[in-house]
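Data block below; observations after.
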């Protein structure tokens, strides 16, 4: 399917629409916006678009980011292209025609205002077919708990960038596990490592977003 | 050679007699004087007091005046969220909130907290002419990110001309700040641009290189040294950073030191950093910190390497960990001890020392690196050797060198952490410092007295023969008497027909022999629960 192959490339390289100047070597070509519309009008199902273009496209982005082949700006451009395409698929999500893999609730823990890492994780997971609920930065435990209550079965991701907010990550994890022992909690951020993850009773740590995607996908496989 | 000169030598990629040490003390100094990060970073007086304390305790060759990458951003109108135990965070980005780039003016010396920092710089530089003070300038990319927000990442690709204009402005701010710090007395200007770790080498060269290069050129024209700091994994950009021609680059634990070394030295740039902040300096022990420092010193080598943490020290880094680093920076001998211990295999056999030192003689053990090759060890061994004749055979001494497996096992069995150490009957008595003769004699004498006392008290035991009126106990008495003669242990023998004694010892048949022993276990000093538990187990 050449059209989806082309759309996948737009996601991988961050080509948002025809007028977008980036990437320079795709100047003047159709971008994610145009190609998604064409695909839909050609009768390709939204599920197929998600499955065969968006998800594999963002997968490539996640892998290249993990391998230090691309960096934050390139990931953000890909995410922008992914979102452009996704905006045409949104109606099918609410109608139930397109199924997502599950719900992922994410936020930076209380006292911590960093959002770059959290946003990258959020976008890469969303691009892999998950519904992402982003609670933002400086998220208190109660807010996480509310989100879990409203989204039964969701998986939770916590981010911390400061050594001083790591204790807040711990108290949030403990509270979640106390109230919802079956809720799976992922943790990440520069000062966090797997020892710390084990110590605070979270389920998974990954140093990069793609690791989180791989873990989530295994859960629903 | 003063501290400062030594550091300059390293910055010139020269060979140094020892590794220069530059602890990146920022708001951590606030914890040294008991004030919060915000109280610290807003007060000239606190900054000076904090630096005084850091200099006294950590003996640095160079040190930043202030480590706060929000000073310029604040002066340019970014709002800050202050915290007690972290530098402030930027929470508003004027360029994404309606302010245009042309509205922004280069901050003057009186904007925001700049005057506080410059005053502190002037005073502290005057106070310590032999220490190199680093003026820390927010790097152009990090400042641009503060001003525009994370939008900058996409705009770099979608609107590169605008980002170039923005970088020109932030580069100019950095150059001006460098001048302010140089005028105030700083010897080294560090351009701190951690956010560049998030971009690729091409973007780095396109947006950061032109600014950084002209700033370093400017600093050089003023005959001052420059350093390029980056925290985070910026491995992809190390080469590009060196190509901006700073005198030094400083990196964090994410980037292997040997990798940085090979690139920096090949480009004639000195290099530093890399000590692990969180895992080792913040959460580790002083011994961990020393091992880490030694590893960096060995890897960094003696040409152009500056020992530093990877980035701004966390507020609550234990000061003991940094003092321990300072100790080995200045003490070659401590370095060789740690090195020797590090090379030992991990499967060390430990001995059971429960009964060590219970013999008649007092045993003095000296744990050394090797008394033949290491002077402090040699003096310690000699000190012990000299006093033993004084005790006429009551005292026996031994040396355990940690160059042999036996010595390492001995050391870890007794939980000894420093070399050289003197133990008396298996208890640590003197650590590192060589005791004066009279102190050593007194310590040994004290132990002899203890043992003597124990002996006396151990004879505080008695034998009780419990019997009834109709028992014939003469035979029993004779046997006991004989045993006492044969062992040389003479105890008092009581006889009793007291009914209460029958019950107390649950005697069902008579006659019965009871031995009661009174042992002095603790005197004056409260033993731990663990110790008392051990005593109870033997009952």
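No lab work stands behind these numbers, since they all come straight from the coordinates. Not measured: the values here are computed from a predicted model. All Cβ positions, glycine included, derive from the backbone under ideal geometry; neighbour counts span all protein chains shown.
Descriptive notes on the structure:
- Gap separating the Cα centres of the stretch B:30-102 and the stretch B:105-138, nearest whole Å: 12 Å
- The length gained by stretching the chain between residue B:214 and residue B:487 to full extension, at 0.36 nm per residue less their Cα-Cα distance, is 89.1 nm.
- Per-residue shielding of B:264-271, expressed as the average number of other chain Cβ atoms within 10 Å of the residue Cβ, stands at 0.
- Counts of other chain beta carbons within 10 angstrom of each beta carbon in peptide B:228-239 average 1.
- Helix B:319-330 vs. chain B, principal-axis angle (Cα, 0 to 90°, nearest 10): 80 degrees
- At an R0 of 30 angstrom, the distance between the Cβ atoms of residue B:172 and residue B:288 translates into a FRET efficiency of 0.10.
- Ranked packing of B:269-276, B:474-481, B:517-524, most packed first, by mean Cβ within 10 Å: B:269-276, B:474-481, B:517-524
- Each of B:193, B:498, B:247 was scored by other Cβ atoms within 10 Å of its Cβ. Arranged with the fewest first, they read B:498, B:247, B:193.
- Backbone N within the stretch B:488-521 under 19 Å of label point (7 Å from residue B:468 Cα along the Cβ vector): B:495-514
- The packing ranking of peptides A:28-40, B:118-130, highest mean first, is A:28-40, B:118-130, where packing means the average number of other beta carbon atoms within 10 angstrom of each residue.
- Peptide A:109-121 - average C-beta neighbours from other chains (10 Å radius): 2
- Against chain B, whose longest principal axis is taken from its Cα atoms, helix B:160-184 shows a tilt of about 60°.
- Distance between modelled label sites at residue B:299 and residue B:102, nm, 7 Å Cα→Cβ extension: 5.0 nm
- Length released on extending from residue B:222 to residue B:205, taking residue separation times 0.36 nm less the Cα-Cα span: 3.6 nm
- Rounded to 10°, Cα long-axis angle of helix B:114-127 versus longest principal axis of chain B: 60 degrees
- Annotation: for a label point projected 7 angstrom from Cα along Cα→Cβ of residue B:353, no residues of the stretch B:504-539 have a backbone N closer than 14 Å.
- In this entry, the stretch B:227-310 is assigned a mean projected area of 4.7 nm², taken as a quarter of its C-alpha convex hull surface.
- Seen through its C-alpha gyration tensor, with square-root eigenvalues sorted a ≥ b ≥ c, the stretch B:274-339 comes out oblate because a/c lies at 1.5 or above while a/b is not bigger than b/c.
- Of the peptides A:127-135, B:89-97, the ranking by mean beta-carbon count within 10 Å, highest at the top, reads A:127-135, B:89-97.
- With R₀ fixed at 22 Å, the C-beta to C-beta distance from residue B:339 to residue A:199 puts the FRET efficiency at about 0.10.
- Reduced Cα scattering model of the stretch A:118-221, Debye log10 I(q)/I(0), q = 0.16, 0.19 Å⁻¹: -0.64, -0.95
- Contour excess over end-to-end distance, with Cα ends at residue A:40 and residue A:221 and 0.36 nm allotted per residue: 62.4 nm
- Under the simplified labelling scheme, the residue B:480-residue A:25 pair shows an inter-label distance of 10.3 nm, with each label point 7 Å from Cα along Cα→Cβ.
- Note on residue A:69 and residue A:151: their simple-model spin labels are 3.0 nm apart, each label 7 Å out from Cα toward Cβ.
- Gyration tensor verdict on the stretch B:454-502 (Cα atoms; rounded if a/c is under 1.5, prolate if a/b is larger than b/c, oblate otherwise): oblate
- Debye equation applied to the C-alpha atoms of the protein assembly as shown, log10 I(q)/I(0) at 0.06, 0.07, 0.09 Å⁻¹: -0.53, -0.67, -0.93
- Length-normalised contact order for the stretch B:71-229 - Cα pairs under 8 Å, 6+ apart - percent: 26 percent
- Taking N as its residue count, the alpha carbon Rg of the stretch A:158-208 over 2.2 N^0.38 Å: 1.02
- Our summary gives chain A a relative contact order of 17 percent, counting only alpha carbon pairs under 8 angstrom and 6 or more residues apart.
- Alpha-carbon spread of chain B, three principal axes, descending order, Å: 117, 52, 40
- Here r is the Cβ-Cβ distance between residue B:504 and residue B:360 and R0 is 51 Å; the resulting FRET efficiency, rounded to 0.05, is 0.90.
- DSSP bridge orientation in the protein assembly as shown - percent antiparallel, rounded to nearest 5: 25 percent
- Gyration tensor (alpha-carbon) shape descriptor, the stretch A:1-157, a/c threshold 1.5: oblate
- Average Cα contact separation per residue, the stretch A:119-221, under 8 Å, 6 or more apart, as relative contact order %: 28 percent
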